[in-house]
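Okay, structure first, notes after.
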Amino acid sequence: MTRIAFVGGGNMARSLIGGLLATGLAPADLRVADPQAETREGLGRDFGVATWAENRLAVADADVVVLAVKPQAVPKVQAELRIALQGRRPLLISIAAGVRLDQLERWLGALPIVRCMPNTPALIGAGATGLCANGRVSPAQRAQAQHIMDAVGLTRWIDDETLMDTVTALSGSGPAYFFALVEALEEAAVAQGLPRDTARALAAQTCLGAGRMLEQTGEDPAELRRRVTSPNGTTQAALESFAADGLPRIAARAIAAATRRGTEMAAALDQEPHA
């Protein structure tokens, strides 16, 4: 039996709780701390889990603690958590975006820590999560962390933590890129005369279907693209327009900008006053 405590009861915690219960974990093995009474009441009502307003009470007997707060909140909760965690030394899983392992160790102590970067499709069980661990995480604890994140989608281990900012730029922020693409496709089709609801439905389903083809066939996206592209056909005309406008360079610059911003945000946390 593994007791899991969530510090923070927002959307990502909610999705993980729902996913874990679907795997057969009992509500009695889950507990949540959140300062908002409405959030606590909703979690208790919807999932039957115990909730607390104080972090130290939720994590007191936990084997795994999931830090599910916004990154800027980590320095503010660290004092209370550090005292509570040092006795039992549970596995700490942080889904606080951009917070580095060395920062977590400095604030919370010498714990086994797994840093995760999930994304918002985890809310519907279709997430993509990168994970990296510090040297104190045992093989069994790595398996625990992966089992928890597997409950909401695909997981991949990242050996070099410096690449986690790239993971954030690719899959963490990535859903917004596709939403922006669907917006653009929808607007373009409406400008050509399609009704908006039809344009949106076709664009969304096209992105969904293409993603499923990538996942289920395991084929190189370049090969799948070639199969759709008939010589001198409509697809080729559109792809040539994309190329002329510099789509690969646009994507490269966007990923680089998001990666750079992630590094800057982590560095800024070092300047935050600690509680």
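Each value in this text was obtained by applying a stated rule to the coordinates, not by laboratory testing. If you're wondering where the values come from, they're calculated on a predicted model, not measured in any experiment. Because the Cβ atoms are built from the backbone with ideal geometry, glycine has one as well, and the counts that use them run over all protein chains shown.
Descriptive notes on the structure:
- Taking other residues whose beta carbon is less than 13 angstrom from the beta carbon of Arg31, and scoring Lys, Arg as +1 and Asp, Glu as -1, yields -2.
- Computed over segment 81-224, relative contact order equals 17 percent, with contacts defined as Cα pairs under 8 Å that lie 6+ residues apart.
- Summary value for the chain: 16 percent relative contact order, contacts being C-alpha pairs under 8 angstrom separated by 6+ residues.
- Rg of the Cα atoms in segment 57-156, relative to 2.2 N^0.38 Å, amounts to 1.02.
- Net length gained if the chain between Glu54 and Arg3 were fully extended (0.36 nm per residue, minus Cα distance): 16.6 nm
- Counted residue by residue at 0.36 nm each, then reduced by the alpha carbon distance between them, the extension gain from Val228 to Arg156 reaches 23.0 nm.
- Annotation: amide H of Ile93 within the under-5 Å range of Val65, Val66, Leu67, Val114, sequence separation 5 or more or interchain, hydrogens built in the peptide plane.
- Anisotropy class of segment 172-263 from Cα gyration tensor, a/c 1.5 cut: rounded
- Computed extension length for Asp63-Ser241: 58.7 nm, one decimal, from 0.36 nm per residue of separation with the Cα-Cα distance subtracted.
- For segment 202-275 versus segment 1-77, the gap between their alpha-carbon centres in whole angstrom: 33 Å
- In this calculation the C-beta distance from Phe179 to His147 is compared with R0 = 22 Å, giving a FRET efficiency of 0.15.
- Exposed-site-free run, longest, the chain (rule: GluC sites (Glu not before Pro); DSSP loop; at most 15 other C-beta within 10 Å): 55-218
- The chain: equivalent-ellipsoid semi-axes (sqrt of 5 x gyration tensor eigenvalues, Cα, Å): 39, 21, 18
- Of the Cα atoms belonging to segment 126-215, the radius of gyration and Dmax stand at 18.0, 59 Å.
- Computed from the C-alpha gyration tensor, the three semi-axes of the ellipsoid equivalent to segment 19-67 are 17, 15, 8 Å, from longest to shortest.
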